[in-house]
Amino acid sequence: MTVDSEYWSRYYEVTVERPAWQTVGIAIARFRAEDNAAAGSGRERRPHRERLAVDLGCGAGRDARELLRARWRVIAIDREPAALQVLAAAAGPDLGARLETRVEDLATVEIPPCDLVNASLCLPFLAPEPFAATWGRIVSALGPGARLSAMLFGDRDESASDPTMTCLPPEQIEAGLDGFEIEHWLVKEEETQTALGEPRHLHLIEVVARKIG
Ligand SMILES: C[S@@+](CC[C@H](N)C(=O)[O-])C[C@H]1O[C@@H](n2cnc3c(N)ncnc32)[C@H](O)[C@@H]1O
């Protein structure tokens with residue numbers, strides 16, 4: 001299987017109508033609960049201040065659009081121009097008003113300070129060195145109270161033998177979250193299918209974590 005621009009374009013066609021992943025939903029719900037609690041206590045005048053998310057490797061934007069529907073501002077980043085075209089078209093002018101798209105490589109992208117970095121099924125496509133550097137930039141972009149929602153591949157994933165990818169033991173991912181409170185953690189290993197219908201051995205790690213220091 002060759003994962004090239006043509007592969008990703010087919011992936012976007014298939015996934016554009018798919019629902020957002022639960023990781024981003026959990027993160028949105030956690031922020032909403034905090035905003036409601038702050039509004040109730042009178043600490044925050046506006047009940048839902050506009051928050052900023054950076055969606056890395058956004059693809060067709062199933063997570064980005066969920067954030068936009070929840071009235072977040074979103075910077076959506078992908079290396080494939082087709083991803084951002086599909087996302088912008090699906091968002092339309094209404095949701096699109098709070099969307100910024102950037103064609104950039106995750107290996108080098110500057111990540112602005114934000115409330116949430118969302119990274120669903122994209123960071124494993126970086127080789128170990130750029131993965132570590134990008135992870136460091138994600139951690140630096142998040143101040144106290146900000147969150148990371150991510151879907152990563154574990155070391156028993158079928159891509160683990162590919163040197164151009166990064167599939168880590170769950171303990172190593174957890175160690176990379178020093179200074180975070182882990183709010184959601186799910187490790188799943190199963191025979192499944194890709195979005196394009198190919199059989200796949202998946203070792204998936206879902207995480208939502210809140211920066212505490
Ligand atoms: C499996 S798709 C996931 C898309 C979306 N997050 C989702 O969950 O539907 C992986 C995405 O990561 C993007 N990607 C992979 N490597 C990248 C890189 N080095 N820089 C930017 N985007 C990258 C691909 O173009 C693709 O859109």
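Numbers for the structure displayed
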| quantity | calculated |
| --- | --- |
| Scope the range 76-99; condition surrounded by 14 or more Cβ atoms within 10 Å (Cβ to Cβ) and either hydroxyl-bearing (Ser, Thr, Tyr) or away from the ligand (no atom under 13 Å from the Cβ) (or both); matching residues | Ala88, Ala91, Leu95, Gly96, Arg98, Leu99 |
| Test: residue in the range 102-117 that is farther than 26 Å from Gln172 by Cα and of a type outside the set (Asp, Glu) | yes |
| Residue satisfying condition, being modelled with pLDDT under 95, more than 13 Å from the chain's Cα centre (by Cα) and more than 10 Å from the ligand (Cβ to nearest atom), within set Arg30, Arg10, Arg51, Arg46 | Arg46 |
| Residue under evaluation Val3, criteria (1) crowded, with 21+ Cβ neighbours inside 10 Å; (2) within 9 Å of the ligand (Cβ to nearest atom), criterion not met | (1) |
| All strands (runs of 3 or more DSSP E) inside the range 122-213 with 1 or more residues being in contact with a His (Cβ under 8 Å, 6 or more places away or on another chain) and among the β-branched types (Val, Ile, Thr) | 180-193, 199-211 |
| Lone unmet requirement of (1) in contact (Cβ under 8 Å) with a residue 24 or more places away in the chain; (2) on the phi < 0 side of the Ramachandran plot; (3) within 12 Å of the ligand (Cβ to nearest atom); (4) not charged (D, E, K, R) for Cys167 | (3) |
| Unmet requirement for Gly59, which otherwise passes all of (1) small (Gly, Ala, Ser); (2) within 11 Å of the ligand (Cβ to nearest atom); (3) surrounded by 20 or more Cβ atoms within 10 Å (Cβ to Cβ); (4) assigned to a helix (DSSP H, G or I) | (4) |
| Criterion (under 27 Å from Phe131 (Cα atoms) and free of Cβ contacts under 8 Å to residues at least 60 places away in the same chain) met by exactly one of Gly40, Gly61 | Gly61 |
| Odd one out for Asp162 among (1) free of Cβ contacts under 8 Å to residues at least 12 places away in the same chain; (2) in contact with a Pro (Cβ under 6 Å, 6 or more places away or on another chain) | (2) |
| All positions within the range 110-120 that are surrounded by fewer than 17 Cβ atoms within 10 Å (Cβ to Cβ) and over 19 Å from Glu50 (Cβ atoms) | Glu110 |
| Leu106 being more than 10 Å from the ligand (Cβ to nearest atom) and outside any strand (DSSP E or B) | no |
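The values are calculated or read from the model by the stated rules, or taken from the named source; none is laboratory data. A quick note: this is a predicted structure, and the numbers were derived from the prediction, not measured. As a convention, Cβ positions derive from the backbone with ideal geometry for all residues, glycine included, and neighbour counts pool all protein chains shown.
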